[in-house]
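The structure appears right after this line, and notes come after that.
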Amino acid sequence: MKRFCSLALFGAMALTVVGVAHAQASYPAQPIRLVVPWPAGGGTDAVSRHVAAAMGQQLKQSIVVDNKPGANGMLGTEAVSRAQPNGYTLGIASVETHAINPHVYKKVNYNVQRDFTPIAWVGQFPYAMAVRPGLAVKDVAALVALARKEPGKLTYASWGVGSSSQIAFEMFRQAAKIDVLHVPFQGAAPAITALASNQVDVLMVPLSVATPQEQGGRLKLIGLASPKRLAAAPHLPTLTEQGFAVEGGTWLAVMGPAGVSPAIVEKVNHAVKAALDTPELTGTLVSLGVEPKTATPAEVQSLIDSESVRWSRVIKTADIRLE
């Protein structure tokens with residue numbers, strides 16, 4: 001009887017292993033949900049949708065974008081951390097969700113190291129430095145000179161305390177050693193509106209958002225927070241070229257909840273890489289001011305770890321904290 005039970009147990013275990021292996025081999029057998037922790041219509045959402053469509057073509061399965069905005073990206077990110085690790089719920093991670101929030105907020109309901117499976121890197125959005133149309137500066141040197149001449153008089157906007165726009169400008173402010181007053185807004189749109197109407201002086205903003213505003217004469221772009229110029233704006237010099245080695249912006253990566261199998265991770269990573277190899281997706285991302293980049297899952301984790309350290313230093317120096 002004991003031997004029979006052992007054989008039955010072994011048989012059940014074998015069937016389970018075979019079933020899991022079959023499920024992984026047939027993955028994806030149903031649509032995949034891609035959680036984007038930002039509102040529909042924004043820059044991150046637009047890029048995520050293009051990537052999702054291209055990934056779906058590679059995986060031969062639908063990928064449904066599910067926008068879950070709130071709390072600087074924390075609500076959607078927490079939802080991914082609590083999902084079943086079967087590969088059918090993935091999420092978009094960004095500098096806010098994985099490198100800023102844990103250092104700004106007193107309570108974050110997920111652990112960046114413990115609760116996620118790194119899968120693939122997508123690319124980076126370097127931010128452009130935009131100034132109001134009525135500000136009499138034509139480059140970064142002029143802005144710094146004005147700020148030093150009248151400390152505390154100039155103002156910089158952001159789309160919220162603890163946002164990447166605030167901290168990216170803080171990187172520059174600390175490097176330039178200038179005193180500029182922070183004016184936070186509830187979102188990027190009102191921040192840009194305030195800049196265009198000469199209510200604030202300067203703003204760090206994604207290039208894809210700023211370019212149409214620049215073309216309409218509603219703001220001026222004077223620098224790019226990137227180590228090199230972008231194909232989408234070859235005329236725009238970097239902050240590094242102008243004497244300030246500042247790299248600020250956001251990046252996007254595909255993550256899953258902790259425990260996603262290596263076989264599924266490999267499939268999704270390969271699909272993202274293959275999608276980024278297509279001229280269609282690469283061209284679209286470049287036009288949106290994104291620098292496409294691929295990485296192995298281990299490299300994704302390493303990049304997130306290094307970004308967390310880099311941004312935390314700025315946050316600590318600026319003493320940016322939220323409950």
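Which order do peptides 277-285, 151-159, 201-209 fall in by mean Cβ count within 10 Å, highest first? Before the final figure, lay out the partial values.
Details: 277-285: 15.3, 151-159: 18.9, 201-209: 25.2.
Answer by packing, highest mean first, reads 201-209, 151-159, 277-285.
Take the Cβ atoms of Asp139 and His270, set R0 to 45 Å, and the FRET efficiency comes out at 0.55. Between Ala189 and Leu322, the simple label model (points 7 Å from Cα in the Cβ direction) yields a spacing of 1.9 nm.
With a 10 Å Cβ neighbour count serving as the proxy for reagent exposure, in which order, fewest first, do Lys267, Lys60 appear? Write down the numbers at each step before the final one.
Details: Lys267 19, Lys60 8.
Going from sparsest to densest Cβ surroundings: Lys60, Lys267.
Fewest-first ordering of Arg33, Arg82, Arg132 by other beta carbons within 10 Å of each residue's beta carbon gives Arg82, Arg33, Arg132. Near Lys273, which lysines are there with a Cα under 16 Å away, not counting those fewer than 8 places off in the same chain? Hits, sequence-local ones excluded: Lys60, Lys293.
Farthest towards the positive end of the charge dipole of the chain, among the residues Gln166, Asn198, Val47, is the Cα of Gln166, using unit charges on the Cβ of Lys, Arg, Asp and Glu.
Counting other Cβ atoms within 10 Å as a rough exposure proxy, the listed residues Glu170, Glu323 run Glu323, Glu170 from fewest neighbours to most. Taken about its Cα centre, the chain carries a charge dipole of about 400 debye when Lys and Arg each add +1 at the Cβ and Asp and Glu each add -1 at the Cβ. Each 10 Å bin from 0 upward holds the following percent of the Cα-Cα pairs of the range 35-181: 10, 34, 27, 19, 9, 2. Cross-link partners for Lys220 among the lysines, with Cα-Cα distance under 16 Å and sequence neighbours closer than 8 places in the same chain left out: Lys138.
Just one of (1) 0.94; (2) 0.98; (3) 1.06 is Rg/Rh (Cα atoms, Kirkwood Rh) calculated from these coordinates, so which is it? The calculated read-out lines up with (3). Just checking the listed ones, Thr240, Thr250, Thr211: in the Gaussian network model of the chain with Cα springs under 10 Å, the one fluctuating most is Thr240. Toward the positive end of the charge dipole of the chain, with +1 on the Cβ of Lys and Arg and -1 on the Cβ of Asp and Glu, the farthest Cα among Trp121, Ala233, Gly259 is that of Gly259. Here Lys153 is the anchor, and the aspartates and glutamates within straight C-alpha reach of less than 17 Å, apart from those fewer than 8 places off in the same chain, are Glu170, Asp179, Asp201. Compute the separation of the alpha-carbon centres of the range 280-307 and the range 217-236 and state it in Å as a whole number. A separation of 19 Å, based on Cα centres. Comparing mean-square fluctuations of Ala46, Ala136, Ala258 from a GNM of the chain with C-alpha springs under 10 Å, the top value falls on Ala136.
Where a number appears in this text, it was derived from the coordinates with a stated rule and is not lab data. Quick caveat, the model's predicted, so the values are computed rather than measured. Positions of Cβ are generated from backbone atoms using ideal geometry, with glycine treated the same way; all protein chains shown enter the neighbour counts.
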